[in-house]
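The structure under discussion appears below in the form of structure tokens.
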Amino acid sequence: MLDFAFYNPTRIFLGRGKIALLGQKIPADARVLVLYGGGSAERNGVLDEVRAALGERRVGEFGGIEPNPVYETLLQAVERVREHGADFLLAVGGGSIIDGCKFVAVAARYAGDPWEILSGRGQTIRSALPFATVLTLPATGSEMNSGAVVTRRSMQAKLSFKSEWVFPQFSILDPEKTFSLPPRQVANGIVDTFVHVLEQYLTYPVGATVQDRLAEALLLTLVEAGPRALAEPADYDVRANLMWCASLALNGLLACGVPRDWATHMLGHELTALHGIDHARTLAVVLPAMLRVRREEKRAKLLQYGARIWGCTEGDEDRRIEEAIARTEAFFTALGLPTRLGAYRIGAEHIDALIGQLTAHEMVALGEHGTVTPEMSRQVFLSAL
């Protein structure tokens with residue numbers, strides 16, 4: 001039975017030339033700190049467009065935020081906020097930059113130890129600096145949601161937080177800014193988005209027909225547009241649809257009234273923290289193994305997924321389920337993402353450390369039923385070898 005409340009205050013501006021709107025949407029007297037990552041935003045001209053759009057405002061910049069934003073780096077950005085006297089933040093980049101911006105927005109006004117924001121052992125978040133985003137890499141949906149993930153290298157911990165205070169005020173999505181992305185990043189974004197949808201769809205039936213059809217629309221779009229995005233990198237319509245898919249996949253809409261899983265993400269986070277594997281690539285490894293280990297509790301939705309997304313309608317149920325999982329693996333592989341831990345030189349000898357991290361981070365009852373214990377997580381990792 002559907003029963004939910006939905007709230008999302010972020011405004012989206014998608015299309016060519018939308019960066020110019022910054023001049024209209026950010027207060028004229030704002031002291032803006034622009035946060036970005038490596039040199040790509042400078043090389044592809046996005047930062048120049050942002051600077052021009054901000055006009056005569058007092059603008060500072062902080063670069064060097066990493067993929068999988070690092071806590072220690074973000075603390076330096078908080079100091080830069082204070083030095084600059086910034087009262088408005090602007091994230092220019094992909095989900096990592098936006099996630100980092102969200103942490104900085106909260107930490108700059110947080111009275112306690114900033115680590116408490118992520119550990120969940122501190123005060124309730126009651127304030128954050130206002131911020132907006134210019135998205136250049138669609139994947140995480142962070143441009144339209146209230147969550148973020150941050151890595152603390154010194155502790156080999158990758159943790160998340162969520163707060164209504166970190167919805168972006170608005171986000172600008174210009175598909176043309178994705179044309180020059182390396183194929184690896186494009187493929188990662190497609191898989192990240194795909195798994196975001198599945199974490200909210202591949203659970204168990206609850207009569208949420210609309211939610212199922214919304215999820216299936218996104219999945220089918222990704223299956224169709226994903227290979228085209230790699231083959232035709234300057235196709236505006238393909239890139240525009242991928243950007244919108246990524247936003248819709250994780251803006252809270254699909255989650256309305258349905259159970260969610262997220263166990264694949266939690267196991268993937270530990271692979272990134274301990275082995276430095278790209279987030280999306282951990283998902284491509286963990287998801288097929290997770291589905292095989294948990295095929296019985298997900299049977300009904302796996303059959304629906306197989307039939308509606310991959311056309312798996314022949315043979316008995318077990319055959320159709322295995323075909324659906326195999327087709328998913330083949331999709332990831334065709335995009336260039338391996339689906340086995342061996343591709344990253346991770347073997348059985350590494351699994352104890354991964355399970356230890358999950359236990360240390362209290363990830364001991366994951367999934368929509370809370371059945372993904374450390375022992376089941378071990379089975380998943382073993383299945384992924």
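The values are calculated or read from the model by the stated rules, or taken from the named source; none is laboratory data. Remember, it's a predicted structure, so these values are computed and weren't measured experimentally. When we count neighbours, we look across all protein chains shown, and the Cβ atoms used for this are built from the backbone with ideal geometry, even at glycine.
Do any residues in the range 336-360 that are farther than 13 Å from H275 by Cα have Cβ atoms under 7 Å from those of residues that are exposed (fewer than 13 other Cβ atoms within 10 Å of the Cβ), where the two are at least six apart or on different chains, and which pairs are they?
Listed pairs, sorted by first residue: none to list.
All but one of (1) buried (at least 23 other Cβ atoms within 10 Å of the Cβ); (2) β-branched (V, I, T); (3) without any contact (Cβ under 8 Å) to a residue 60 or more places away in the chain hold for T140; which doesn't?
That leaves (3) as the condition not met.
Looking at the structure I just gave you, is A148 surrounded by 24 or more Cβ atoms within 10 Å (Cβ to Cβ), in contact with a Gly (Cβ under 7 Å, 6 or more places away or on another chain) and either in the same structural domain as I19 (by TED's automatic domain parsing) or not in a loop (DSSP other than H, G, I, E, B) (or both)?
No, not satisfied.
If you check I117, I98, which single one turns out to be of a type outside the set (S, T, Y), part of a helix (DSSP H, G or I) and under 17 Å from the mean Cα position of the chain (by Cα)?
Numbers: I117 fails: under 17 Å from the mean Cα position of the chain (by Cα).
One residue alone meets the criteria, I98.
Given the options A41, A91, A53, name the one that is modelled with pLDDT under 95, buried (at least 19 other Cβ atoms within 10 Å of the Cβ) and hydrophobic (A, V, I, L, M, F, W, C).
On the way: A91 fails: modelled with pLDDT under 95; A53 fails: modelled with pLDDT under 95.
When all the criteria are applied, what remains is A41.
Counting just the residues of the range 213-236 that are in contact (Cβ under 8 Å) with a residue 60 or more places away in the chain and surrounded by fewer than 20 Cβ atoms within 10 Å (Cβ to Cβ), which one comes out nearest to Q304 (Cα to Cα)?
From the range 213-236, those in contact (Cβ under 8 Å) with a residue 60 or more places away in the chain are 216, 219-220, 223, 226-227, 230, 236; that's our starting set.
Next cut, surrounded by fewer than 20 Cβ atoms within 10 Å (Cβ to Cβ) only: 216, 220, 223, 227, 230, 236.
Working: E216: 10, L220: 13, V223: 16, P227: 23, L230: 28, Y236: 32 Å.
This residue is E216.
Restricting to the range 94-152, count the residues that are in contact with an Asp or Glu (Cβ under 7 Å, 6 or more places away or on another chain) and among the β-branched types (V, I, T).
Residues in the range 94-152 being in contact with an Asp or Glu (Cβ under 7 Å, 6 or more places away or on another chain) and among the β-branched types (V, I, T): 5 in total.
Using the structure shown, decide if D192 is in a helix (DSSP H, G or I), touching a residue at least 40 places away in the same chain (Cβ under 8 Å) and over 18 Å from the mean Cα position of the chain (by Cα).
Details: in a helix (DSSP H, G or I): yes; touching a residue at least 40 places away in the same chain (Cβ under 8 Å): yes; over 18 Å from the mean Cα position of the chain (by Cα): no.
Considered against the rule, which asks whether it is in a helix (DSSP H, G or I), touching a residue at least 40 places away in the same chain (Cβ under 8 Å) and over 18 Å from the mean Cα position of the chain (by Cα), D192 comes out as no.
One residue is enough: does the range 252-267 have a residue meeting the conditions under 30 Å from E49 (Cα atoms), crowded, with 16+ Cβ neighbours inside 10 Å, at pLDDT 95 or above and not polar (S, T, N, Q)?
Initial filter on the range 252-267 (under 30 Å from E49 (Cα atoms)): none.
Within the range 252-267 (the criterion being under 30 Å from E49 (Cα atoms), crowded, with 16+ Cβ neighbours inside 10 Å, at pLDDT 95 or above and not polar (S, T, N, Q)), the answer is no, since none of the residues qualifies.
Given the residues V50, V34, V59, which is the only one that is touching a residue at least 24 places away in the same chain (Cβ under 8 Å), under 25 Å from the mean Cα position of the chain (by Cα) and outside any helix (DSSP H, G or I)? So that I can check it myself, show each step before the final result.
On the way: V50 fails: outside any helix (DSSP H, G or I); V59 fails: under 25 Å from the mean Cα position of the chain (by Cα).
On inspection, the qualifying residue turns out to be V34.
Among residues belonging to the range 280-290 that are out of contact with any Phe, Trp or Tyr (no Cβ under 7 Å at 6 or more places or on another chain) and either buried (at least 24 other Cβ atoms within 10 Å of the Cβ) or not assigned by TED's automatic domain parsing to the domain that holds T373 (or both), point out the one that is nearest to L366 (Cα to Cα). If you could, list the steps in order and put the result at the bottom.
If we filter the range 280-290 for residues that are out of contact with any Phe, Trp or Tyr (no Cβ under 7 Å at 6 or more places or on another chain), which is where we start, we get 280-283, 285-290.
From the residues that got through so far, the ones that are either buried (at least 24 other Cβ atoms within 10 Å of the Cβ) or not assigned by TED's automatic domain parsing to the domain that holds T373 (or both) too are 280-283, 285-287, 290.
Details: A280: 19, R281: 20, T282: 17, L283: 15, V285: 18, V286: 14, L287: 14, M290: 12 Å.
For the range 280-290, the residue satisfying everything is M290.
Which number in (1) outside any strand (DSSP E or B); (2) touching a Pro at 6+ places or on another chain (Cβ under 7 Å) marks the one condition that A187 misses?
Among (1) outside any strand (DSSP E or B); (2) touching a Pro at 6+ places or on another chain (Cβ under 7 Å), the lone unmet condition for A187 is (2).
Please go through the range 6-31 and give me each residue that is in a loop (DSSP other than H, G, I, E, B) and free of Cβ contacts under 8 Å to residues at least 60 places away in the same chain, ordered by number.
If we filter the range 6-31 for residues that are in a loop (DSSP other than H, G, I, E, B), which is where we start, we get 6-10, 15-17, 26-30.
Correct list: A28, D29, A30.
Any residue at all in the range 43-60 that is within 30 Å of Q156 (Cβ to Cβ) and out of contact with any His (no Cβ under 7 Å at 6 or more places or on another chain)?
Filtering the range 43-60 for residues within 30 Å of Q156 (Cβ to Cβ) gives none.
For the range 43-60, residues within 30 Å of Q156 (Cβ to Cβ) and out of contact with any His (no Cβ under 7 Å at 6 or more places or on another chain): absent.
Looking at the structure I just gave you, is R299 surrounded by fewer than 17 Cβ atoms within 10 Å (Cβ to Cβ) and basic (K, R)?
Numbers: surrounded by fewer than 17 Cβ atoms within 10 Å (Cβ to Cβ): yes; basic (K, R): yes.
Yes: the conditions hold for R299.
If you check R213 against the conditions, is it touching a Ser or Thr at 6+ places or on another chain (Cβ under 7 Å), over 22 Å from M290 (Cβ atoms) and in a helix (DSSP H, G or I)?
On the way: touching a Ser or Thr at 6+ places or on another chain (Cβ under 7 Å): no; over 22 Å from M290 (Cβ atoms): yes; in a helix (DSSP H, G or I): yes.
So R213 does not fit the description; no.
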